[in-house]
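Following: one structure in structure tokens, then a few remarks.
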Ligand SMILES: NC(=O)c1ccc[n+]([C@@H]2O[C@H](COP(=O)([O-])OP(=O)(O)OC[C@H]3O[C@@H](n4cnc5c(N)ncnc54)[C@H](OP(=O)(O)O)[C@@H]3O)[C@@H](O)[C@H]2O)c1
């Protein structure tokens, strides 16, 4: 039973499609319910829960609904996220708080909700979607990169804290990946000297495979290689 946040597009939708092919039962979460329902129509054993992951009551509803439907949560994929692509001097602080809420607080809160369930069932896996930008100082994306760097250390610490419970916590660090998110990044940070960085990126299928392989292997992280960089 896999809960995927941000399943309405991009990497999250691809992860849901691949997990379905690998035989998982799925819980799809995002705000655009009609997109989730369209995806669910192509899958079986699939629950749609319209969720704004920044809202505490909606997070509780998501996890409660998953347990009510399937009786367990084996994997949580914390994929919902968004960017903030302006030079640091121009970062609107309220916008940064909002992105931090989505990219850092929400994944932590969802981890907190599934940990007791996974502990009681004898184990589980949590995969958090970070970014290679969390490990590089790239002008124009520092605020976004900071949220992913925060997520990295939360994942790494949770991994240590939960090992004895059989709960593995992993990080995926994609390079640029062909999604709506990536198009926004490309438009916001036109840097000719970094053209290769914004060259056509990984496929969503490659990132989805990395996510699910980590959930199965329990390895600490996967840094996706971008072959054309
Ligand atoms: N694409 C890249 O180049 C790249 C590289 C490295 C890391 N990443 C990371 O990969 C993850 C997925 O991004 P993507 O590239 O697949 O982008 P995307 O296509 O824009 O998908 C983002 C997803 O997050 C969901 N979301 C946003 N705000 C939400 C909220 N408040 N509550 C619930 N869901 C919310 C969106 O669904 P709704 O709008 O329907 O809610 C959407 O399904 C993100 O964490 C991103 O930081 C992407």
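We did not get these values from a lab; they are worked out from the coordinates using the rules stated. Just so it is clear, the model here is predicted, and its values are computed rather than measured. When we count neighbours, we look across all protein chains shown, and the Cβ atoms used for this are built from the backbone with ideal geometry, even at glycine.
Projected label points at residue 220 and residue 21, each 7 Å from Cα along the beta carbon direction, are separated by 3.1 nanometres. In the chain, the longest principal axis of the Cα atoms and the axis of helix 142-162 are about 30 degrees apart. Counted by neighbouring Cβ atoms within 10 Å, the residues 8, 217, 131 run from fewest to most as 217, 8, 131. Counting 0.36 nm for each residue step from residue 101 to residue 157 and taking away their Cα separation leaves a gain of 18.3 nm. Between 211, 77, 91, where does the largest GNM mean-square fluctuation fall for the chain, given springs only between Cα atoms within less than 10 Å? Its mean-square fluctuation being the largest, the pick is 91. In the distance distribution for the chain, Cα-Cα pairs more than 30 Å apart total 19 percent. In this label model, residue 58 and residue 94 are separated by 1.9 nm, measuring between points 7 Å along each Cα→Cβ vector.
From helices alone, the chain scores -14000 deg cm²/dmol at 222 nm; the rule is -39500 (n - 2.57) for each run of n ≥ 4 DSSP H residues, then divide by the residue total. Take every pair of alpha-carbon atoms less than 8 Å apart whose residues are at least six positions apart; their mean separation over the length of the chain yields a relative contact order of 20 percent. Of all the options 98, 41, 216, the one that moves most in a Gaussian network model of the chain with Cα springs shorter than 10 angstrom is 41.
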